[in-house]
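I have placed the structure first, in the form of structure tokens, so that the comments after it can refer back to it.
No lab work stands behind these numbers, since they all come straight from the coordinates. None of these values were measured; they are calculated from a predicted model. As a convention, Cβ positions derive from the backbone with ideal geometry for all residues, glycine included, and neighbour counts pool all protein chains shown.
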């Protein structure tokens with residue numbers, strides 16, 4: 001079995017009401033992730049800064065434009081086991097402010113996107129790694 005390494009950047013995006021933007025993942029090949037909630041973001045590509053990755057991924061996944069305000073602590077590391085490989089992932093998170101745009105996604109790995117009030121976050125089944133960042137900001 002081959003191993004892969006990946007850097008992922010996610011954003012803690014808040015709107016002017018203080019609601020948090022969340023995305024429900026659609027990855028049936030990875031039951032540990034499938035239909036769990038996450039923050040918008042994605043894979044860092046060669047030559048991109050972490051901030052460039054986050055702006056691009058949020059725009060691609062959600063159709064929204066954001067302002068990056070700062071990093072949320074140290075990165076979190078996780079090993080995901082896919083049927084044909086293990087993937088060591090290093091996840092960075094940044095606080096962001098919503099600037100403009102309308103939610104619009106055709107990303108096949110996103111099942112749902114919505115704004116959620118902070119008081120309702122506990123009713124969502126977030127990825128383990130995402131919970132670490134959410135707890136840092138509480």
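Which distance in Å, rounded to a whole number, links the C-alpha centroids of the range 74-138 and the range 1-70? Using only Cα atoms, the two centres lie 6 Å from each other.
Using label points projected 7 Å from each Cα along Cα→Cβ, tell me how many nm separate residue 56 and residue 30, to one decimal. The two pseudo-label positions are separated by 1.8 nm. Take every Cα pair under 8 Å whose residues are at least 6 apart in sequence, average their separation, divide by the length of the range 1-63, and the relative contact order is 32 percent. Sorted from longest to shortest, the spans of the Cα atoms of the chain along the three principal axes equal 46, 35, 30 Å. In this simple spin-label approximation, residue 16 and residue 2 carry label points 7 Å from Cα along the Cα→Cβ vector, and these lie 4.9 nm apart. DSSP beta bridges confined to the chain are antiparallel in about 65 percent of cases.
With a simple spin-label model that places each label point 7 Å from the Cα along the Cα-to-Cβ direction, the separation between residue 78 and residue 114 comes to 2.1 nm. In this structure, residue 128 and residue 100 have a Cβ-Cβ separation that, at R0 = 35 Å, corresponds to a calculated FRET efficiency of about 0.65. Here's the picture: a label point sits 7 Å out from the Cα of residue 86 along the beta-carbon direction, and within the range 14-34 the residues with their amide nitrogen under 19 Å of it are 30-33. In the frame of its principal axes, the range 99-138 has Cα extents of 29, 23, 17 Å, reported largest first.
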